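Worksheet: the structure to be examined is printed underneath.
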Amino acid sequence: MVQRQTFRFFWEGAHPLSHLARDRQKTTGDPDNDLVAIGGSGFGIMAIVVAVERGWVSRDEAVARLGTMLSCLEQTPRYHGMFPHFINGRTAETIPFSRKDEGGDVVETALLFQGLLCARQYFDRAAPQERNLRHRIDRLWREAEWDWYRRDGGNYLYWHWSPRHGWAMNRKVAGWNEGLLAYVLAAGAPDHAIDPEVYHQGFASGPGFRNGRSYHGIELPLGMDHGGPLFIAHYSFCGLDPRGLTDRHADYWEQNVRHTRINYEHCVANPHGHAGYGPDCWGLTSSHGPKGYVAHAPGKDIGVITPSAALSSFPYAAEEAVRALRYFLAKPKHRIWGRFGFVDAFCESRDWYARTYLAINQGPIVIMIENFRTGLLWNLFMNAPEVQVGLRKLGFTSPHLSQGRDAMAMLTE
C-alpha cells in the first residue's frame, strides 16, 4: 500500500507536460511552477518499473510515459553530456540551482542514468516501441562525458561545471557520499570512461572517507561521525546491490547496515529529548523541517523525523523499519499521510508537519522496499553490462559479477 501510494507522486503528481518528476509536490493542489528535478526523475523512472512489475500501470502505458520523459530530456541543454540539477518541465531549459550552479551536475546525472539504465534493462522486448526506447536511452548515455569532469585529467570527478562560471563551484566528488554511483558509471562508460585511479586516489582517499570509530557500540567503516544522513545508504544503492559488494576499501553491505543501525540507536537513545523518538519512530536524513531544508543526522539532530529514512532502510533493518511503518500509519492521517504517501518530514516537539513531498525522498521508498521484497532494481542495474564493466574496472567483487556473459562482450554486441 505504501509503495503504491508513494508511486503516485511520480505518476499523478508528475509534471503535466514532460511527465518528469517535480522537485516537490504539495499535500493539496499542484505547484504553480515548472520545476523538475533530474535526480528525482531518475528515481521516478525506477518507480515506474516497479509499477509495471506490480501491475499498477500497463507496460504500454509506461513505455509511452517514458517516451514523453525522454523527449524533454533530449531537448534539455547538456554540459559535456551532463544534465543540470533542475530544468523547466515545460521548456526543458536549465533552472539554476544557485548563482554559479547553472550547468552540469555529475551526481544528479548519475541518479538519472541509474533510472534510465534500469528502464533499458527492463523494457527488453522486440516490440518497436521498446527498441526505440532503448536506443534513445543509449544515445543520451553515450554522450555523457564523464572524463571531462576530471577537470583537465585530475584524479577526481568534479560535481559541477558551467559555461559561464567554469569550475568555480570547485567541489570534488570525494569522501564517503552518494558519489559512489557516479564513479561506477564513469568507469563503465562506453565512450568517455575514467581510469581506476580517479576512484581510488580521488573519491576513496578524500577527507571523510574512512572512519573506523564506534558509535553506540557499532564500528562504522566509512563516512562522517555517526554516519551522517541516511540517504547516503540509499541513493547509490537504489541500483547498486550492496549484498556481497566489496572492494579494497569496504564491505558495502556492512557499511550500510551499520550506518542504519547507528542512526536507529541514536533515535532510541534520544540524547536531546525530542518528542516522539523511540524504537517505533526513527530516521534522520536530509528533508524539509521547521527551519527549512536541513541534512538531518545524529550530528545535526533538531528533532525532525523523515519517513523516507526508515522506510528506505528496509533492506538493512527490516524489523525496525516495519515498526516505524506501523507507527507512521497509526498517526492521524491528516498529519503525515496523504495523496502521495507520507509527507516529507515531521517534528513532534514543535507540532510541525510538512505539507510537501520531495522527489528525492519519495523515490527511494518505492525502490528500496521493492529491493527488499524482490531485488528487482538491484538485479536490473547490476546486470547492465556497463555497470559490470565499471565495477570490475574499479576492483569490486559482487555475486552479480560471476553470473551471465562477459560484460565486455555484451557491450560490443
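The values are calculated or read from the model by the stated rules, or taken from the named source; none is laboratory data. Source: prediction; values computed, not measured. Here the Cβ positions follow ideal geometry from the backbone for every residue, glycine too, while neighbour counts run over all protein chains shown. Protein only, heavy atoms only, side chains kept; ligands, DNA and RNA dropped before computing areas. Shrake-Rupley method; radii C 1.70, N 1.55, O 1.52, S 1.80 Å.
Taking the charge dipole of the chain about its Cα centre, with +1 at Lys and Arg Cβ atoms and -1 at Asp and Glu Cβ atoms, the residue from His19, Gly228, Gly303 reaching farthest to the positive side is Gly303.
Restricting the calculation to alpha carbons of the chain gives Rg and Dmax of 20.0, 59 angstrom.
Spin-label model, Ser58 to Arg4: label points 7 Å out along the Cα-to-beta-carbon direction sit 1.8 nm apart. Give me the accessible area of Cys118, 1.4 Å probe, in Å² rounded to the nearest 10. Roll a 1.4 Å probe over it and Cys118 shows about 0 Å².
Taking each DSSP H run with n ≥ 4 as -39500 (n - 2.57) and averaging over every residue of the chain yields -12000 deg cm²/dmol at 222 nm. Other residues lying with their Cβ under 15 Å from the Cβ of Tyr316 contribute a combined charge of -2, Lys and Arg counting +1, Asp and Glu -1. Of the trypsin sites (Lys or Arg not before Pro) found in region 195-260, those in coil by DSSP whose Cβ has at most 11 other Cβ atoms within 10 Å are Arg213, Arg248. Normalising by residue count, region 1-130 has a Cα convex hull of 110 Å³ per residue.
Close amide H contacts of Gly228 (hydrogens built in the peptide plane, cut-off under 5 Å, sequence separation of 5 or more or a different chain): Gly299.
For region 64-193, the square roots of the Cα gyration tensor eigenvalues, ordered a ≥ b ≥ c, give a/c of at least 1.5 with a/b no greater than b/c, which places it in the oblate category. Please work out, to two decimal places, the log10 of the ratio I(q)/I(0) at q = 0.17 Å⁻¹ from a Debye calculation in which every Cα of region 1-48 carries one identical scatterer. Taken in order of the listed q values, log10 I(q)/I(0) reads -0.43.
Per residue, the Cα convex hull of region 23-99 amounts to 114 Å³. Which FRET efficiency value, to the nearest 0.05, is calculated for Glu319 and Ala168 with the Förster distance at 51 angstrom and r the Cβ-Cβ distance? My answer for the efficiency is 0.60. Heavy-atom accessible area for Asp225, with the other protein chains in place and a 1.4 Å probe, reaches approximately 80 Å². In whole percent, and with a 1.4 Å probe on the protein chains, what portion of the accessible area of region 1-92 is carbon and sulfur? Accessible surface attributable to carbon and sulfur in region 1-92 totals 43 percent. Among the chymotrypsin sites (Phe, Trp or Tyr not before Pro) in region 241-327, those placed in a DSSP loop whose Cβ has at most 14 other Cβ atoms within 10 Å are Tyr293.
By the Kirkwood approach, averaging reciprocal distances over each pair of separate Cα atoms, region 135-264 gets a hydrodynamic radius of 15.7 Å.
Bins of 5 Å, beginning at zero and ending with the bin holding the largest distance: percent of Cα pairs per bin for region 123-197, please. Calculated P(r), rounded to whole percents: 3, 15, 21, 20, 15, 11, 8, 6, 3, 0. With K and R counted +1 and D and E -1, the other residues having a Cβ less than 12 Å from that of Asp195 yield a net charge of 0. Mean separation of Cα pairs under 8 Å and 6 or more residues apart, divided by the residue count, gives region 206-262 a relative contact order of 34 percent. Think of a 1.4 Å ball rolled over the protein heavy atoms: the chain then has 37 Å² of accessible area per residue.
So, with a 1.4 angstrom probe, what is the percent of accessible area on region 293-371 that is carbon and sulfur? Heavy-atom surface of region 293-371 belonging to carbon and sulfur, 1.4 Å probe: 52 percent.
Only protein heavy atoms count here; on that basis, with a 1.4 Å probe, Thr91 has an accessible area of about 70 Å².
Applying both filters, DSSP loop and at most 16 other Cβ atoms within 10 Å, to the GluC sites (Glu not before Pro) of region 140-206 gives Glu143.
Bridgeable lysines around Lys100 (alpha carbons under 26 Å apart, same-chain partners fewer than 8 residues away excluded): Lys172, Lys291.
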